[in-house]
Amino acid sequence: MKHLLLVLLAAAAAAAGDLHRHRRVAIDVDNKNEATKEMHSIIDLPECQDLKKFCTHQASTDNLSMLECALTFSSSQLEALPEICQHALWMQQRQLQLPAWIENTLLPTYCPEERPKLETCLNSVYMWKCLNEQRLQLPQSNTCQQHLRRAYNALGHDYSNVDEFYVACSSLVEHHKCGRLNVEHLPSLLSQLGTVQCLRSTAQKSSIEPTCMSAMNAIELQRGMLELFRACAEDLSSLCSQEQSGTPGAYKCLVRHKSHPAMTANCASEISLRDQQMGRDYRVSHGLAKACKDDIKQYHCRRGVSEDKHVRLAQILLCLESVSKNGTKLAPSCLTELTDHRRMLMTDYQLSPELLSDCADDIPKFCPEEHKAQLVNGLTGTGGEIIHCLLEHVKARRPQRRVTAQCQRGLETLIKVSDAGEDWRVDPVLRRACKPVVDVACKDVEGGEARVMSCLVERIGTPSMLPECEQALLIIEYFVARDFKLDPQLYKHCRDDAVKYCRAKRQWDDAQNVQMDPERGPMILPCLHRMAFSEDEHQTLRKDCFKEVKRVMRQRAMSMDLIPEVEDYCLNDLSLFCADCVEKGSEMECLQKNMDQLQPECKTVVVKYTEEEAAHVELNPVIMNVCGEAMQQHCSAILKSGKDNGDMMDCLIAHKNDADLRKDLRCRAAIEHFQIISLKNFHFTTKFKEACRPYVQRFCSSSITKNDVVGCLSEVMRNDTIKAQRHQIPKECRHQVKSQLYQQRESIQLDPKLANACNRELEQFCGDQKGPGQVNKNASYLNHP
């Protein structure tokens, strides 16, 4: 009956797919014979006679005593034992890990009084952890406590880490008598390396179940760690003396010090080799595989990869990051490993096999010094520098200085997998360059969700920013600007709106949601910006999203690199007209100034952006940088309202000739520059466009510039007045036309036709006239001496 029940339970578990029940049932079924009997005495096996010679000090000769004795052996002593004896010891150690041994040997023989409490642990996923906690509550002299302690110590230091291997491969190991022990302090899974090697040599590959094959592969992947710690013994002692050899902490410490001058070439080489292996299969990183084991299974991060195949590190990291970004909490230890591996990715490009392949030709071409150092010294000191060198050449203005499209795709993937836009400390180059700025300008900013990155971007153009920090920062922000998901605050508050209005995918990591440039998907941020100021009350952004969109658009206006909807179409024109522009916002001013000469695609996007810039002054970095005091002094009501729609530029223009702005030459020049730019297209003056657009189409369809449009509408207004007829142009538009005519009289530069016609006379008669309207005043009397 019991056997039938176990079989039924196994079938139910398989159908339900429940991981923990499957584990328990698999163990019980696989070891049904062990439930009813103690193993034959190990010491009675002819092959184990040497145990008598080495274990005479044991108080008894039961199997647990023999195992305890064997675990004191050196590796060479264990290897000297016949394989049958090694297998018997392995089986005894394995038996201790099973509920059957607890239920049929430990409880009735040694713990009858404690049985009610201990039996509750039999249903626990972490059975021995539960038993050990119960043991610690028992008196030291208690017989049950002593036997539990002995059994717990004999389990092996890594029994919980190799649980997957035990469950998947125990029956195969028993069938082929392949159990092997290894008591040397090695990386956890390597204690089973001898067992795996025996299975490889004796079991036919076709007889090995995929789950067992996967577990075996994971153990063999750890073999490189043995060679690494042997090669790095001296380095570990001198650079990481606080860490224990063979542990994830020791490996991470060595990686952190790989650029240290004291690191030996052999150790650096082993780290390089292991990094390449880790990039191809995440299980090489035992720290990550162990800490995130449950999360990887629960969220199906190995989906699409068979059990006996390697799983790329990038796939696992993207999956786990996606789970975290979409609001699910990962285990704290898994989050720690995730952060550590993100940092490692930005430190060592060999952790990304695709990047090695995709940028194989670009590295020696664009980064010859770093590449030479890498060839001479291994990866020591060059991994992060090579990555940043390649990133710099993604955004080069001249096409011949840009990396290949294939390499750019690889770098985009790296930035996404490392999530470098979220934590400024992930990128070693950025961390080194910006730490002084963070310590001073962002010291009070709470960490997490890119808050420090946002603070750094806000400091661009201020005295607290350092050139090297700005350069490294803009490289990372270049990629963040092209994928709204890489800005944690924007993604957090705008994900639902992006899905609703901008065709974004709901999942953070979605292969279909590739949108780093216009050719490969929707540009989400420009769409959100349009929706932020939509006139349709049924299509508006939520308050938090609206705030984030304004913040991001303001920050990205600082550099053309961060405005992909313009920069990606204007590379050639930027190289042709604006190569010498280095000031913040000067590249956009340059494109606006040369608007009539731009290539059609570039001109279209520049016109569109300039129109939005007129309506939302936060998109104009020059005005924002030099007119802050003026906006506070004269236009505070607009600032408080949070709504612009052209009101701010109208306000600044209206106060341009006030006493304070007459002295503020930089702000005044910025305002006048925008006034001159707005002459190119009437759409660049928001209020004028909104009030007069229908009448421009009706009466002035052949007019090109705003000056032509104003002149045309003014003529219609004049004719209506002369004929004493009802005005065809309504009051709102007439008011805007008069406002534009008034501005023209203020400066001859705002009336290009008059300025061109009177150029010679201006030089002759008006060279010393600097005040508002003075040139126009003198020009109007040139023919009336």
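Note on the range 440-507: no enclosed helices (runs of 4 or more DSSP H) hold 3 or more residues that are acidic (Asp, Glu) and free of Cβ contacts under 8 Å to residues at least 40 places away in the same chain.
Against the list (1) in contact (Cβ under 8 Å) with a residue 40 or more places away in the chain; (2) in contact with a Ser or Thr (Cβ under 9 Å, 6 or more places away or on another chain); (3) closer than 26 Å to Ser259 by Cα, the condition Ala291 fails is (3).
Considering (1) without any contact (Cβ under 8 Å) to a residue 24 or more places away in the chain; (2) among the small types (Gly, Ala, Ser); (3) not in a loop (DSSP other than H, G, I, E, B), the lone condition that Ser714 does not fulfil carries the number (1). Of the residues Ser124, Ser160, the single one that is of a type in the set (Ser, Thr, Tyr), under 17 Å from Gln192 (Cβ atoms) and surrounded by fewer than 19 Cβ atoms within 10 Å (Cβ to Cβ) is Ser160.
Scanning the range 395-409 for residues that are touching a helix residue (DSSP H, G or I) at 6+ places or on another chain (Cβ under 7 Å), surrounded by fewer than 22 Cβ atoms within 10 Å (Cβ to Cβ) and within 27 Å of Trp508 (Cα to Cα) yields Lys395, Thr404, Gln406, Arg409. For the range 226-240, does any single residue satisfy the condition of being among the hydroxyl-bearing types (Ser, Thr, Tyr) and modelled with pLDDT of 85 or more? Yes, the conditions are met somewhere in the range 226-240.
Only helices (runs of 4 or more DSSP H) whose full extent lies in the range 305-391 are considered here, and the ones with at least 3 residues that are at pLDDT below 80 and crowded, with 16+ Cβ neighbours inside 10 Å are 368-377. On inspection, Lys640 passes the criterion of being assigned to a helix (DSSP H, G or I), without any contact (Cβ under 8 Å) to a residue 60 or more places away in the chain and closer than 18 Å to Lys550 by Cβ.
Residue by residue, here is whether (1) among the β-branched types (Val, Ile, Thr); (2) under 11 Å from Asp295 (Cβ atoms); (3) assigned by TED's automatic domain parsing to the domain that holds Ala289; (4) in contact (Cβ under 8 Å) with a residue 24 or more places away in the chain holds:
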residue	(1), (2), (3), (4)
Ala331	no, yes, yes, yes
Arg343	no, no, yes, yes
Met346	no, no, yes, yes
Leu351	no, no, yes, yes
Asp361	no, no, yes, yes
Lys365	no, no, yes, no
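In this structure, does Arg274 turn out to be assigned by TED's automatic domain parsing to the domain that holds His310, more than 23 Å from Ala331 (Cβ to Cβ), modelled with pLDDT under 85 and surrounded by 22 or more Cβ atoms within 10 Å (Cβ to Cβ)? Yes: the conditions hold for Arg274.
Every listed requirement among (1) modelled with pLDDT of 90 or more; (2) surrounded by fewer than 15 Cβ atoms within 10 Å (Cβ to Cβ) is met by Leu107 save one, (2). Scanning the range 605-663 for residues that are basic (Lys, Arg), farther than 15 Å from Phe684 by Cα and surrounded by fewer than 17 Cβ atoms within 10 Å (Cβ to Cβ) returns Lys640, Lys643, Arg662, Lys663.
Number of residues in the range 643-657 that are more than 20 Å from Phe533 (Cα to Cα) and either outside any loop (DSSP other than H, G, I, E, B) or out of contact with any helix residue (DSSP H, G or I) (no Cβ under 7 Å at 6 or more places or on another chain) (or both) equals 4.
Determine whether Val255 is among the hydrophobic types (A, V, I, L, M, F, W, C), surrounded by 18 or more Cβ atoms within 10 Å (Cβ to Cβ), under 22 Å from the mean Cα position of the chain (by Cα) and more than 17 Å from Asp340 (Cβ to Cβ). Here the answer is no, as Val255 does not meet what is asked. Each residue in the range 676-692 was checked for being part of a helix (DSSP H, G or I), surrounded by 22 or more Cβ atoms within 10 Å (Cβ to Cβ) and touching a residue at least 60 places away in the same chain (Cβ under 8 Å), and 3 pass.
Residues checked against (1) of a type in the set (Val, Ile, Thr); (2) modelled with pLDDT of 90 or more; (3) on the phi < 0 side of the Ramachandran plot:
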{"residue": "Gly447", "(1), (2), (3)": "no, no, yes"}
{"residue": "Leu456", "(1), (2), (3)": "no, yes, yes"}
{"residue": "Gly461", "(1), (2), (3)": "no, no, no"}
{"residue": "Met465", "(1), (2), (3)": "no, yes, yes"}
{"residue": "Asp483", "(1), (2), (3)": "no, no, yes"}
{"residue": "Leu486", "(1), (2), (3)": "no, no, yes"}
{"residue": "Tyr491", "(1), (2), (3)": "no, no, yes"}
{"residue": "Arg495", "(1), (2), (3)": "no, no, yes"}
{"residue": "Tyr501", "(1), (2), (3)": "no, no, yes"}
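The set of residues from the range 392-423 being outside any helix (DSSP H, G or I) and among the polar types (S, T, N, Q) comprises just one member, Thr404. Contact annotation: residue pairs with Cβ atoms under 7 Å, 6 or more positions apart or on different chains, pairing a residue in the range 252-269 that is without any contact (Cβ under 8 Å) to a residue 60 or more places away in the chain and β-branched (Val, Ile, Thr) with a partner that is assigned to a helix (DSSP H, G or I) and buried (at least 16 other Cβ atoms within 10 Å of the Cβ), are Thr264/Asp235. With respect to the conditions (1) under 32 Å from the mean Cα position of the chain (by Cα); (2) hydroxyl-bearing (Ser, Thr, Tyr); (3) assigned by TED's automatic domain parsing to the domain that holds Arg342, Thr211 lacks only one, and its number is (3).
Every residue in the range 578-589 that is surrounded by fewer than 18 Cβ atoms within 10 Å (Cβ to Cβ) and in a helix (DSSP H, G or I), please. If the condition is that a residue be surrounded by fewer than 18 Cβ atoms within 10 Å (Cβ to Cβ) and in a helix (DSSP H, G or I), then Ser586 is the only one that fits.
Of everything listed in (1) farther than 29 Å from Asp487 by Cβ; (2) out of contact with any helix residue (DSSP H, G or I) (no Cβ under 7 Å at 6 or more places or on another chain), the single unmet condition for Lys258 is (2).
The values are calculated or read from the model by the stated rules, or taken from the named source; none is laboratory data. Worth saying up front: this structure is predicted, and the values here are computed from it rather than measured. Cβ: placed from backbone, ideal geometry, glycine included. Neighbour counts: every protein chain shown.
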